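Each remark here refers to the structure printed beneath this line.
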Amino acid sequence: MIHKNKFYFLFLFVLFAFINMQKINAQVVYESMNNKGIYAFLDELATEQIISLNSCAKPFSRELIFSKLAQAQSKLSDLNKRQQDELTKYISDFSMESNVDVPIQKATLLKTHRIMLNFSPISLQYTDFLFKIFIQPVIGRSYIIRDDKQYTYDNKVGASFFAYMGKNIGVYASLTDHYLYKSVFPMPDQLLQMQGGNYKINNGSRAGADYSEMVGGINYSWKWGSFGVVKDNIMWGDNANGSNIFSGRTPSFGMIKLALSPAKWIDFNYLHGWIPSMVVDSARSYVSPNGVQRNIYRNKYIAANMISIKPFQNFYFSFGNSIIYSDKSIQIAYLIPFMFYKSIDHSLTMGVENENSQMFFNISSRNIKHVHLYASYFIDEWSFKRINDKTKHNFTSGKAGLNIQNFPFQNLSFCFEYTKTLPLTYKHRLESTTFASNNYNFGHYLGDNSEDIFASLNYKPFSFLKIQVSGNIAKKGNDYDYIIIPGQNIDSYPIMKDITWTKREIYTRIDFILSRNVFINLGFQHSQIKGYDVDSKTAIEYLTKFSPLFFHGIQNFYFFGVNLGF
């Protein structure tokens, strides 16, 4: 009899054998979502109807990005001067994805038969007929300074690379060590857009925290798809101020990924991930012979899929589902990419506690030139009986947004977005099956029982300069616990009955792109973050839970950062 865990390796072997029979014609490595410039540029090109783009699932592969840039280059006359300059810059950035020799740049310091040392971008490249590699350092420091001259900063240092081997294998990795001076954020409950980390607090007697982030993977690809083993972040759902499906805020986690585009009108994404539960398994924990306590976390996994269909040009309808399961070995049924996992869960957990399943939808329309309309809907728990009962609600989150590019003025864009999440969405009654990794919520950064209004105005007169002015109003309602109490219906908890926390902010930022991977940013933010006395808790308790002390109250902040690499 074959052991259960061996089914997993059998699945991978069969899938790899199938892939190996396909005609190979592509290579895949994923571009960091920290490279916000290229993602914003592709979004602009799609909204201008220069390219067709499914922007629902990120990160994009470098090969996909290059193919979209090449598509835009064929319509060069439709671009304005700034867009043409930006396109030229990005075509050069992604030249290793082309089938031609990497061109010598004006800033090339050293060029031999195979090796190129560049100043812009600061990088080292090696290229031959079988193997191509690009290496760059990652160095940066970003300051946040208050009016009272108190400050904090994030210092990072590391390196990243990506490489292509033969015609079908792509590998990539990035290692970045961070030091947060004095103030440590974001913590799992704090309502910030920033990506979380696993911190060593006051390590080596330094005030603050250290953490390390390692992402990377290896992908095997063919003409219409790819399969990979990666440790990375994901973002599913169109958004401008935080997705309400998968937001990308959690620390990166290991997963297998499958991406398919068998026809021009359909895309498919699947993952199965191993996520840290942060819940100690007392049965497996032990004390070593020399007296050291060895704590072991409970097993926790996620399976998720997303299907995107393009019924007509510039319109995508995406839908998918996911499940968080724990306290067992890997389930072979959740390794089947195209399944509806809630139904499988009912079969596997009949008569015992179910796992935690979700559904989600996303609509993206760029059918009006200059305009991107999008909406997403996340379902945590749903019952038709609740729809006609005014005293009850489903556990859902909805988002709608509008992005206008280059209208009525060139190089100017405007975005408006609204998000509302009902009570207990993203929460679960079992600690080991929460919709979270490392205790960071996978979904919207505000969590449940919340409302978010965001607007921004962006002006980009030159390819090397971007100016942004944005405003944000965020509210957090009663902080309910997901606890089943006899005689009390958790789906009857009032929506935003009382306000526990609010944020109002105006933010201005200027970005300078000195070279293709060297950036300077300046910013100013006026914010008012308040807590309120609600449900037997004080205002300071809510403030402490949801916001770092550094940001409490009415404050003015000044930002300054210099970064090399992503």
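Using a probe of 1.4 angstrom, how much of the accessible area of the chain is carbon and sulfur, in percent?
Working: 16230 of 26440 Å².
Carbon and sulfur together cover 61 percent of it.
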Practice prompt. Compute the distance in nm between two label points, each set 7 Å from the Cα along the Cα-to-Cβ direction, one at SER515 and one at GLU541.
Written response: 5.4
Worksheet entry | Nearest-10 value in Å² for the accessible area of PHE512, using the 1.4 Å probe | 70
Worksheet, complete the sentence: Amide H proximity to ASN356 below 5 Å, modelled H, separation 5+ or other chain, gives ILE324
Worksheet item: At what distance in angstrom do the alpha carbon centres of the stretch 118-170 and the stretch 374-418 lie from each other?
Response: 35
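Taking a cut-off of 14 Å, what percent of all Cα-Cα pairs in the stretch 402-478 are separated by more than that?
Working: 2026 of 2926 pairs.
Counting every Cα pair in the stretch 402-478, those more than 14 Å apart make up 69 percent.
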Response to the item:
Rg/Rh of the stretch 463-536 (Cα atoms, Kirkwood Rh), to two decimals, equals 1.27
Fill in: Proximal lysines to LYS167, defined as alpha-carbon separation beneath 21 angstrom and excluding residues fewer than eight positions away on the same chain
LYS23, LYS68, LYS132, LYS223, LYS257
Discussion item. How would the stretch 187-239 be classified by its alpha-carbon gyration tensor: rounded, prolate or oblate, with rounded meaning a/c under 1.5 and the a/b versus b/c comparison settling the rest?
Written reply: oblate
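Report Rg(Cα)/(2.2 N^0.38 Å) for the chain, keeping two decimals. Spell out each step's value before the answer.
Numbers: Rg = 24.0 Å, N = 566, 2.2 N^0.38 = 24.5 Å.
Working it through for the chain, the quotient is 0.98.
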Worksheet item: Can you work out ³J(HN,Hα) from phi for every residue in the stretch 538-547, in order, using Karplus 6.51 cos²θ - 1.76 cosθ + 1.60 and θ = phi - 60°, giving whole Hz and x for Gly and Pro?
Response: 8, 4, 5, 5, 5, 4, 5, 6, 9, 9
Worksheet item: What chymotrypsin sites (Phe, Trp or Tyr not before Pro) in the stretch 322-373 are in a loop by DSSP, with at most 13 other Cβ atoms within 10 Å of the Cβ?
Response: PHE338, PHE340
Discussion item. Based on the alpha carbons, how large is the Rg to Rh ratio for the stretch 145-199 when Rh follows Kirkwood?
Written reply: 1.19
Worksheet item: Once Lys and Arg get +1 and Asp and Glu get -1 on their Cβ, which of TYR211, PHE317, ASN244 lies farthest toward the positive end of the dipole of the stretch 210-336?
Response: PHE317
Discussion item. Quick query: amide H of VAL29 versus all other amide H atoms, modeled in the peptide plane; which residues come in under 5 Å with a sequence gap of 5 or more or a different chain?
Written reply: ARG62, GLU63
Fill in: Debye-sum result for the stretch 499-552 in log10 I(q)/I(0), which assumes one identical scatterer on each alpha carbon, at q = 0.15, 0.26, 0.27, 0.31 Å⁻¹
-0.56, -0.94, -0.98, -1.12
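Pop out the Kirkwood hydrodynamic radius of the stretch 110-157 from its pairwise C-alpha distances, inverse of mean 1/r, in Å to one decimal. Let's see the in-between values first.
Values: mean 1/r = 0.0734 Å⁻¹.
Roughly 13.6 Å, rounded to one decimal.
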Discussion item. I want to check a number: in the stretch 347-458, how many lysine pairs have alpha carbons closer than 23 Å, given a sequence separation of 8 or more or different chains?
Written reply: 10
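Using only helices, what value at 222 nm comes out for the chain when you add -39,500 (n - 2.57) per DSSP H run of length 4 or more and divide by the total residues, to the nearest 500 deg cm²/dmol?
Details: 6 runs with 70 residues, N = 566.
Value at 222 nm, helices only, nearest 500: -4000 deg cm²/dmol.
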Discussion item. I'd like the distance separating the alpha-carbon centroids of the stretch 216-294 and the stretch 432-476, in whole Å.
Written reply: 21
Worksheet, complete the sentence: Square roots of five times the C-alpha gyration tensor eigenvalues of the stretch 300-387, ordered largest first and given in whole Å, equal 32, 15, 10
Discussion item. Using a Förster radius of 51 Å, what is the FRET efficiency between ASN489 and PHE338 based on their Cβ-Cβ separation? Nearest 0.05, please.
Written reply: 0.90
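What FRET efficiency comes out for TYR126 versus ASN198 if R0 is 35 angstrom and r is the Cβ-Cβ distance? Round to the nearest 0.05.
Working: r = 33 Å, r/R0 = 0.95.
The pair TYR126/ASN198 has a calculated efficiency of 0.55.
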Worksheet item: Hey, got the dipole for the chain? About the Cα centre, +1 on K and R Cβ, -1 on D and E Cβ, debye to the nearest 20?
Response: 800
Practice prompt. Assign one of three labels to the stretch 124-238, namely rounded, prolate or oblate, based on the Cα gyration tensor with a ≥ b ≥ c the square roots of its eigenvalues; rounded applies when a/c is under 1.5, prolate when it is not and a/b is larger than b/c, and oblate otherwise.
Written response: prolate
Practice prompt. Mind checking which of SER397, PHE454, TYR179 is farthest towards the positive end of the chain's charge dipole, using Cβ charges of +1 (Lys, Arg) and -1 (Asp, Glu) about the Cα centre?
Written response: TYR179
Fill in: Shape parameters for the stretch 199-334, alpha-carbon atoms, Rg then Dmax in Å
19.3, 67
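What's the Kirkwood radius of the stretch 33-192 in Å, using all Cα pairs?
About 18.4 Å for the stretch 33-192.
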Worksheet entry | Electrostatic dipole magnitude of the stretch 234-362 [Cβ: Lys, Arg +1; Asp, Glu -1; Cα centre; debye, to 20] | 240
Worksheet, complete the sentence: With the dipole of the stretch 261-387 defined by +1 on each Lys or Arg Cβ and -1 on each Asp or Glu Cβ, the option from THR349, PRO289, ASN269 whose Cα lies farthest towards the positive pole is ASN269
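For the stretch 331-451, what is the convex hull volume of the alpha-carbon atoms per residue, in Å³?
Values: hull volume 21.7 nm³, N = 121.
Each residue corresponds to 179 Å³ of Cα convex hull volume.
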Worksheet item: When every alpha-carbon pair in the stretch 398-537 is counted, what percent end up more than 18 Å apart?
Response: 68
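The values are calculated or read from the model by the stated rules, or taken from the named source; none is laboratory data. Being a predicted model, the structure only gives us computed values, none of them experimental. Here the Cβ is made from the backbone with ideal geometry for all residues, glycine too, and neighbour counts use every protein chain on show. All accessible areas refer to the heavy atoms of the entire protein, side chains included, with ligands and DNA or RNA removed. Shrake-Rupley method; radii C 1.70, N 1.55, O 1.52, S 1.80 Å.
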